[in-house]
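What follows is one structure encoded as structure tokens, with my remarks underneath.
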Amino acid sequence: MKNRTKYIIAIVTAIVVAAIAIPLYVKSQHTTFRAEVTDHMSMLDKIRLIEISKVEHQLYDSEDVKLEDPKQIQNILKLFKDIELQNVKQVGADRDLPYYYQVRILIIKEDRFSEQIGVSLYSDNTMAIYNSAATRDAHKAYKITNEFNFNELERIFNKLKEDAA
């Protein structure tokens, strides 16, 4: 009788631990662009510069556009603000496209030092984020789980390139 009770208690304990751990693990795998990038900024922080690069896979040749105007910076950030992400181990560049975009964000933290965040967009469903201030896991790979208009980023990039020329 005692062994049977021990087995029942062990099984119930295992089920309770699994019922708590599995939802917590699944929740930790989902995040948003806002939580990963902009929520870490305080009111005194300023985005000084955004640089968008279109990098070709084969030649690693890139075209760059730099933005320092706060209105243009806000327009770019609006494009990313509602992106929902899911952690993945590794993001493979989408080989359907001959290029990918890198967005580098330079943040001045309370007028004392700078922090850089890099976002690599390989397609409309894959993204990698680099945070220079992170002490652990500075590079993270994500799958975009909601609608993201990759073509809008291309349109904005081409318009900014034309305006700069």
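Figures for the structure shown
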| item | result |
| --- | --- |
| Shape of region 63-165, Cα gyration tensor, a/c cut at 1.5 | oblate |
| Residues of the chain: accessible area per residue with a 1.4 Å probe, Å² | 68 |
| Segment Ala133-Asp64, length gained on full extension (0.36 nm per residue, minus Cα span) | 22.5 nm |
| Mean separation of Cα contacts under 8 Å (6+ apart) over length of the chain, as relative contact order % | 21 |
| Prolate/oblate/rounded label for region 6-71 (Cα gyration tensor, a/c 1.5) | oblate |
| Cross-link reach list, aspartates and glutamates versus Lys89, counting only Cα pairs under 17 Å and skipping chain neighbours closer than eight places | Glu36, Asp137 |
| Which of Leu24, Val119, Leu59, positive extreme of dipole for the chain (C-beta unit charges) | Leu24 |
| Net dipole in debye of region 34-165 [+1 Lys, Arg Cβ; -1 Asp, Glu Cβ; about Cα centre; nearest 20] | 320 |
| Protection proxy ranking, peptides 105-118, 8-21, average beta carbon neighbours within 10 Å, highest first | 105-118, 8-21 |
| Cross-link pairs Lys109/Lys143; Lys71/Lys140; Lys46/Lys81; Lys66/Lys140 - those with Cα-Cα distance over 21 Å | Lys109/Lys143; Lys71/Lys140; Lys66/Lys140 |
| Kyte-Doolittle at least 1.6, axis length at least 24 Å by Cα - qualifying DSSP helices, the chain | none |
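The values are calculated or read from the model by the stated rules, or taken from the named source; none is laboratory data. These figures come from a predicted structure and were not determined experimentally. Heads up, the Cβs are rebuilt from the backbone with ideal geometry, glycines too, and the neighbour counts pull from every protein chain shown. The area values use the complete protein model at the heavy-atom level, side chains included, leaving out ligands, DNA and RNA. Shrake-Rupley method; radii C 1.70, N 1.55, O 1.52, S 1.80 Å.
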